[in-house]
Amino acid sequence: MSAAHAARGPVLVRTPASSANLGPGFDALGLALELFDELTGEVLDEGLEVLVEGEGAGDVPLGPDHLVVRAMEAAFDLIGLRPTGYRLTCRNVIPHGRGLGSSSAAIVGGILLARELVEGGRELLDDQAVYQLANDLEGHPDNVAAALFGGLTIAWIEGAAAEVVRLDVDVPVTVFVPDAPVSTHVARGLLPSEVAHRDAAANAGRAALLVAALLQAPERLISGTEDFLHQTYRSAAMPDSYQLLRALRVDGVPAVISGAGPTVLAFAHGVEAAAPQGWRVLTPQVSGRGAHVVEP
Ligand code: HSE
């Protein structure tokens, strides 16, 4: 591997938060939200410097184990070029461990930043290759698709290839963010290895309905957000979220667990009063933009 004459930077990449699953779209649907983590990269003559502000500051490692650095290094390996050294500054606003796609934002943002820091990076690693690498690092494509492409994404794996259809939607969103995180690893561990055929069939119908409801039939969102594959199984790890979810739905508000939780997402505005004590309430717009470089 050779050292490249890199764009020295600073280069700024912004990556949106994302909500995966949206109820029945388990591991497939993603929605980008206007809550952007910012990464700045600058080439150094040697070494690695990592600075973190905002979410995760003081908690995340500041060296080669940092998730953004791992994503950047994977991208440099794939491109076959790397800068002599670099400084990475992370300004994080996406809450960690809450089901709002912070790890996918780190991975997607890191890969985009890496390709900006080597000469010809955009030609050597196109967006499909970025998506594939991000999926390989994250392990499932739903959040990374939304973080990279923006809007509403339908992601799936064809053989080993990550595929995506991206759609524009305009829908009100409120997210209820509890104080304590739940790890995706723990939440995935609560899922059964098999489900009943009737549940799979019911879920397929609701997932199809959900896409139609998001595009053109908001009155169908309460039915379209009904899930049969994951939320109930995970309720033990996030009982307060599950209680809020049920309370909202009983009131006719289309609500889901965001990703692997514990954040609750409602497709509605004006529902802030439902928030339990101490929870943060945010009303981000759907982001039509995925991760992007801010040109100086
Ligand atoms: N689809 C994933 C899950 C999203 O629910 O486990 C979490 O990253």
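The values are calculated or read from the model by the stated rules, or taken from the named source; none is laboratory data. All figures in this text were calculated on a predicted structure; none of them were measured in a lab. Quick reminder, even Gly has a Cβ in these numbers, built from the backbone with ideal geometry, and neighbours come from all protein chains shown. What goes into the accessible areas is simple: the full protein's heavy atoms, side chains included, and nothing from ligands, DNA or RNA. Shrake-Rupley method; radii C 1.70, N 1.55, O 1.52, S 1.80 Å.
Looking at A255, is it within 15 Å of the ligand (Cβ to nearest atom), under 22 Å from T184 (Cβ atoms) and surrounded by 16 or more Cβ atoms within 10 Å (Cβ to Cβ)? Considered against the rule, which asks whether it is within 15 Å of the ligand (Cβ to nearest atom), under 22 Å from T184 (Cβ atoms) and surrounded by 16 or more Cβ atoms within 10 Å (Cβ to Cβ), A255 comes out as no.
Of the strands (runs of 3 or more DSSP E) lying entirely inside the stretch 178-296, those carrying at least 3 residues that are of a type outside the set (D, E, K, R) are 255-257, 264-266, 292-294. Selection of the stretch 24-50 for residues being open to solvent by 50 Å² or more (accessible area, probe 1.4 Å), without any contact (Cβ under 8 Å) to a residue 40 or more places away in the chain and assigned to a strand (DSSP E or B) yields only E49. Looking across L137, L125, one residue alone is of a type outside the set (K, R) and open to solvent by less than 30 Å² (accessible area, probe 1.4 Å). It is L125. When L67 is tested against the conditions (1) modelled with pLDDT of 95 or more; (2) open to solvent by 40 Å² or more (accessible area, probe 1.4 Å); (3) among the aliphatic types (A, V, I, L, M); (4) over 20 Å from A134 (Cβ atoms), the lone failure is (4). Within the option set I107, I79, I94, being modelled with pLDDT of 95 or more, β-branched (V, I, T) and either more than 14 Å from the ligand (Cβ to nearest atom) or not assigned by TED's automatic domain parsing to the domain that holds S19 (or both) holds for one residue only, I79.
For the stretch 209-225, state whether one or more residues are surrounded by fewer than 20 Cβ atoms within 10 Å (Cβ to Cβ), in the same structural domain as D65 (by TED's automatic domain parsing), farther than 22 Å from P262 by Cβ and not aliphatic (A, V, I, L, M). No: the stretch 209-225 contains no residue that is surrounded by fewer than 20 Cβ atoms within 10 Å (Cβ to Cβ), in the same structural domain as D65 (by TED's automatic domain parsing), farther than 22 Å from P262 by Cβ and not aliphatic (A, V, I, L, M).
Taking residues in the stretch 124-142 that are without any contact (Cβ under 8 Å) to a residue 40 or more places away in the chain and in the same structural domain as S103 (by TED's automatic domain parsing), and partners anywhere that are surrounded by 20 or more Cβ atoms within 10 Å (Cβ to Cβ) and polar (S, T, N, Q), the pairs with Cβ atoms closer than 6 Å and at least 6 places apart or on different chains are E138/S104.
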